[in-house]
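Peer 1: Dropping a structure here in structure tokens format, bear with me for questions.
The values are calculated or read from the model by the stated rules, or taken from the named source; none is laboratory data. Keep in mind the model is a prediction, meaning the values are calculated, not measured. Quick reminder, even Gly has a Cβ in these numbers, built from the backbone with ideal geometry, and neighbours come from all protein chains shown. Each accessible area value is taken on the protein alone, full model and side chains, heavy atoms only, with ligands, DNA and RNA left out. Shrake-Rupley method; radii C 1.70, N 1.55, O 1.52, S 1.80 Å.
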Amino acid sequence: MPIRFFNTYSRQLEEFETRDTASRSPRDEPGRPADKIDIYTCGPTVYSRAHIGNFRAYVFEDLLQRHLELRGYRVHRVMNITDVDDKTIRGAREAKIPLSKFTEPFKHAFFEDIDTLRIKRADDFPSATDQRYIDKMIEMIAALISRGLAYQADDQSVYYRISKFPNYGKLAHFDLTQLQPTGRVKNDEYDKEHIGDFALWKAWDEEDGDVKWDSPWGPGRPGWHIECSAMATAILGDQIDIHCGGVDNIFPHHEAEIAQTEGVTGKRFVCYWLHCAHLLVDGQKMSKSLGNFYTLPDVLERGYSGREIRYALMRVHYRAPLNFTWEGMEEARQALGRIDEWIMRLEEKSQEENAQRSTSNVEPPMQRFEAALDDDLNISGALGVLFDGIRDSNRALDEQTMDSAAAHRWLQWWSRIDRVLAVTETRAGIPDEIVALAEARAQARLAKDWRKSDELRDELMARGWEARDTKDGQKITKRSGS
Ligand code: AMP
Ligand code: ZN
């Protein structure tokens, strides 16, 4: 069965085809490198520590990437860091420190948290304040003005003219007439031609302090939406395969990204839009503004581990809302405990030397876990396959009908599954950056990039770890004497 995803743009399940595949000719020789997939994911706004609701989105994106890699694709993922917007500027002003000093610790905390949750690091983490992206934003805004898609208003800010982009509202399935001005429009919005026009460039005002960049429209700073269009296209090009975020990003943020990018390039920006539903608390979105949030350290302090939190955030289908509860955390702990115990039993059995032959024909259901994920990342179906397998193989172990070779095959099955789930206990004791290097090496080997694989082996060696390639995959051990 082909991979299918629910595309927010069409509101339909669509068969997934990479741009790479679409451009290949039937005469392409076998053995060509695997198809490449470009993914852009909206990252954190670093004005405070992210909450675990944000991490639901990042865990879902990690699941997506890991599954596509398991299926043999090469993924290039970009996640931006929003380090200039109203909230970051306000925070820096209140703390009376420069913007970059204010955002720095939150960037640091973000990376610490994604490592705790075993979220693979993106290939690029562009920051909006990086001058090369500011230049790209200015270039795009100038192009939009020259095409009549943007204008400078009396307040000196530059706005997108949504009435000139016929597809505006297509992603959100939004009716523009709902955006007609009413008597309650705030004064400052009269500068705009249409209430739905959004800022591309915000003219500097006193509240911004020293946060400003020069532009053809005077000093100011970019709007949030143009940041993503510029960083995505600067790194990945005019068109990308998949763009993700939480459902709250659909409108106006992603709608605006389409209008800006396609307004400049004239090409379809994104092939598949994937959005995850929210993490809820008592039926409401977990959010900073409602004050109903937990950060990762809050949950760690209650004694839960990173892998337990990862599992709890991952185990429900990404399009279904997930209620965060402590009972849910306990269930995650129990599920992982069951997996740990099962692995221990299989490892013991696989090391037995007697040549007792299996009398049971219980075998790992090889492709079924992946097949479930192929179906729009159906994680509940995939976990169902896993736990059925655990039950059946445990029974064979109880009844002494499984031999060591069969135990080995079950372990191999698990190691494949865990490339996606990334919850194995045995990683404990291996620092996260070593796990990350080892995973990069496994990927390089998968892509037959032997040079990179050797470089990463040397890097691991230099840090005191040894990578060995066994028939069960790569094993990482501490080098003796280091
Ligand atoms: P922000 O820092 O608010 O821009 O959010 C970063 C990412 O987290 C975006 O993709 C949001 O859609 C997502 N997000 C925010 N709150 C939640 C939540 N309660 N559940 C799931 N995703 C969320
Ligand atoms: Zn974005």
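Peer 1: Report the chymotrypsin sites (Phe, Trp or Tyr not before Pro) located in region 30-134 that are in a DSSP loop and have at most 16 other Cβ atoms inside 10 Å of their Cβ, or state none.
Peer 2: none
Peer 1: Let me ask you something else. What is the spin-label model distance, in nm, from LYS267 to ARG451 if the labels are put 7 Å beyond Cα along the C-beta direction?
Peer 2: Label-label distance for LYS267 and ARG451, simple model: 2.7 nm.
Peer 1: Considering only protein heavy atoms and a probe of 1.4 Å, how much of the accessible area of region 49-91 is carbon and sulfur, as a whole percent?
Peer 2: Using a 1.4 Å probe with all protein chains present, region 49-91 comes out at 39 percent carbon and sulfur.
Peer 1: Using the beta-carbon distance between ASP458 and GLU399 and R0 = 56 Å, what value does 1/(1 + (r/R0)^6) give for FRET efficiency, to the nearest 0.05?
Peer 2: Step by step, r from the Cβ atoms, then E = 0.75.
Peer 1: While we're here: Given R₀ = 22 Å, what would the calculated FRET efficiency be for ASN361 paired with LEU70, taking r from the Cβ atoms and rounding to 0.05?
Peer 2: FRET efficiency, ASN361 to LEU70: 0.25.
Peer 1: For region 370-387 and region 86-107, compute the distance between their C-alpha centroids and round to whole Å.
Peer 2: Spelled out, the Cα-based centre of one part sits 42 Å from the other.
Peer 1: Give the whole-number value, in cubic angstrom per residue, of the convex hull volume spanned by the C-alpha atoms of the chain.
Peer 2: Normalising the Cα hull of the chain by residue number yields 181 Å³.
Peer 1: Gain in length, LYS212 to GLN131, computed as 0.36 nm per residue apart minus the alpha-carbon separation, to one decimal in nm?
Peer 2: Going from the current span to full extension adds 28.0 nm.
Peer 1: Can you tell which of SER404, TYR58, GLN152 lies farthest toward the positive end of the dipole of the chain, using +1 and -1 charges on the Cβ of basic and acidic side chains (Lys, Arg; Asp, Glu)?
Peer 2: Checking the options against the dipole of the chain, the answer is SER404.
Peer 1: Let me ask something else about it. In the chain, with Lys and Arg counted as +1 and Asp and Glu as -1 at Cβ, which of these residues, SER100, ALA335, ALA312, has the Cα nearest the positive end of the dipole, that is, farthest along it?
Peer 2: Towards the positive end, the residue furthest out is ALA335.
Peer 1: Might you report the magnitude of the Cβ-based charge dipole of the chain about its Cα centre, with Lys and Arg at +1 and Asp and Glu at -1, to the nearest 20 debye?
Peer 2: Computed about the Cα centre, the dipole is about 700 debye.
Peer 1: Sticking with this structure for a sec: If you place +1 on the Cβ of every Lys and Arg, -1 on the Cβ of every Asp and Glu, and leave all else neutral, what size is the dipole of region 35-112 about its Cα centre, to the nearest 20 Debye?
Peer 2: 120
Peer 1: To the nearest 20 Debye, how big is the dipole of region 329-482 about its Cα centre, given +1 on the beta carbon of each Lys and Arg and -1 on that of each Asp and Glu?
Peer 2: The calculation lands at about 520 debye.
Peer 1: I want to check the label-to-label distance for LYS101 and GLU327. Put each point 7 Å from Cα in the C-beta direction and report it in nm to one decimal.
Peer 2: Placing both labels 7 Å along Cα→Cβ, they lie 4.9 nm apart.
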